[in-house]
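Participant: Here it is, the structure in full.
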Amino acid sequence: MSIILDKVNYEYSAGTAYHVQALKDINLKIEDGEFIGIIGHTGSGKSTLIQHMNGLIKATSGGIYYNGQDIYDEDFDMKELRSRVGLVFQYPEHQLFETTIFDDVCFGPKNLGLDKKTVELRAYEALRNVNFPHELFYQPPFDLSGGQKRRVAIAGVLAMKPDMLILDEPTAGLDPAGRDEILGMISNMHKELGITVVLVSHSMEDVAQYVDRLIVMNQGSVMYDGAPKDVFRQYKELEEVGLAAPQVTYLMHELQEKGMSVDVNATTVEEAKRSILSAFGI
């Protein structure tokens with residue numbers, strides 16, 4: 001599975017006095033099995049970008065290719081693309097509407113025209129993959145906690161058997177414990193199911209800990225695209241566009257300025273801990 005964006009541009013309200021250039025000459029290739037983070041300030045183009053990846057928005061110009069096929073060809077199966085590239089919107093719990101959790105997760109595969117047995121098996125597997133308690137399967141979704149509702153929403157997309165899972169701010173509004181639970185679950189799914197994950201986030205700490213590749217959006221363009229450590233080395237440039245590196249990065253630079261021999265490329269608490277202990281000979 002691969003998705004290629006070739007010189008993609010997008011304008012909101014194109015041809016009017018209110019037009020806004022949301023994406024500018026985007027060139028990206030997403031390979032099978034990657035765990036990618038996308039960061040950027042509000043209005044940088046993050047959400048617009050991910051909605052192009054499964055055809056929800058059509059580019060004003062440029063091409064998008066899924067497994068070598070142009071998704072804008074007349075004979076391209078857009079329904080198949082949207083089942084293979086699953087998108088979980090921000091605050092997805094607002095989209096839960098069935099009378100039971102199990103029925104809600106069944107909704108997607110049911111609309112693929114699958115038989116009842118296959119639909120229910122997919123729903124069961126999806127709920128188990130997000131570690132949802134079996135005793136709650138047939139309860140209404142409206143009494144769940146915020147974190148539980150996120151799990152149900154993600155399960156609804158997983159039941160479609162996607163090759164890629166795109167999550168737009170999946171931890172927004174959750175407390176620290178709920179955030180850690182959701183991110184840990186997503187990381188485990190990536191490892192165990194081999195699914196490609198694209199994570200949109202405002203949290204530098206989250207992307208530093210979990211993703212293998214980091215894309216920074218700024219004013220509709222790709223500012224950086226690389227390993228998180230390489231991107232966060234440019235923390236001063238990130239600050240100039242309203243972003244920042246993880247707090248650990250600043251701490252390690254301060255310690256080095258005070259004469260400690262520490263790794264300024266550390267981006268997670270665990271990496272910083274090991275480096276500081278090593279500096280003390282522990």
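The values are calculated or read from the model by the stated rules, or taken from the named source; none is laboratory data. Everything numeric in this text was worked out from a predicted model, so none of it was measured. Cβ: placed from backbone, ideal geometry, glycine included. Neighbour counts: every protein chain shown.
Participant: Can you tell me how many residues in the range 93-105 are over 25 Å from Met1 (Cα atoms) and either surrounded by 20 or more Cβ atoms within 10 Å (Cβ to Cβ) or touching a Gly at 6+ places or on another chain (Cβ under 6 Å) (or both)?
Facilitator: Qualifying residue count for the region: 3.
Participant: Something else: Which residue is nearest to Leu112 (Cα to Cα), if the candidates are limited to the range 33-45 and must be of a type outside the set (Gly, Ala, Ser) and at pLDDT below 95? Show your work before the answer.
Facilitator: Going through the range 33-45, the residues of a type outside the set (Gly, Ala, Ser) turn out to be 34-36, 38-39, 41-42.
With at pLDDT below 95 added as a condition, the list becomes 41-42.
Numbers: His41: 36, Thr42: 34 Å.
The qualifying residue nearest to Leu112 (Cα to Cα) is Thr42.
Participant: Between Val207, Val262, which is within 30 Å of Ala59 (Cα to Cα) and crowded, with 17+ Cβ neighbours inside 10 Å?
Facilitator: Values: Val262 fails: within 30 Å of Ala59 (Cα to Cα).
That would be Val207, the only listed residue that is within 30 Å of Ala59 (Cα to Cα) and crowded, with 17+ Cβ neighbours inside 10 Å.
Participant: Also, quick follow-up: Go through the residues of the range 171-178 one by one and say whether even a single one is surrounded by 15 or more Cβ atoms within 10 Å (Cβ to Cβ), of a type in the set (Gly, Ala, Ser), touching a residue at least 24 places away in the same chain (Cβ under 8 Å) and within 30 Å of Lys24 (Cβ to Cβ). Give the derivation first.
Facilitator: Filtering the range 171-178 down to residues surrounded by 15 or more Cβ atoms within 10 Å (Cβ to Cβ) leaves 171-172, 174, 178.
Subsequent filtering for residues that are of a type in the set (Gly, Ala, Ser) retains 172, 178.
Next cut, touching a residue at least 24 places away in the same chain (Cβ under 8 Å) only: 172, 178.
Imposing the further condition that a residue be within 30 Å of Lys24 (Cβ to Cβ) reduces the set to 172.
Yes, the range 171-178 contains at least one residue that is surrounded by 15 or more Cβ atoms within 10 Å (Cβ to Cβ), of a type in the set (Gly, Ala, Ser), touching a residue at least 24 places away in the same chain (Cβ under 8 Å) and within 30 Å of Lys24 (Cβ to Cβ).
Participant: Let me ask something else about it. Return the pairs, sorted by first residue and then second, in which the second residue is at pLDDT below 95 and among the hydroxyl-bearing types (Ser, Thr, Tyr), the first residue lies in the range 226-253 and is within 19 Å of Thr42 (Cβ to Cβ) and buried (at least 16 other Cβ atoms within 10 Å of the Cβ), the beta carbons are less than 6 Å apart, and the residues are 6+ apart or on different chains.
Facilitator: Listed by first residue and then by second, the contacts come to Ala245/Tyr235.
Participant: Given the conditions (1) over 30 Å from Tyr10 (Cβ atoms); (2) hydrophobic (A, V, I, L, M, F, W, C); (3) touching a Lys or Arg at 6+ places or on another chain (Cβ under 7 Å), report the number of the one that Ala266 does not fulfil.
Facilitator: (3)
Participant: Additional query: In this structure, does Gly220 turn out to be modelled with pLDDT of 95 or more, over 30 Å from Val152 (Cβ atoms) and either within 17 Å of the chain's Cα centre (by Cα) or not basic (Lys, Arg) (or both)? Talk me through it step by step, then tell me what you get.
Facilitator: Numbers: modelled with pLDDT of 95 or more: yes; over 30 Å from Val152 (Cβ atoms): yes; either within 17 Å of the chain's Cα centre (by Cα) or not basic (Lys, Arg) (or both): yes.
So Gly220 passes the test.
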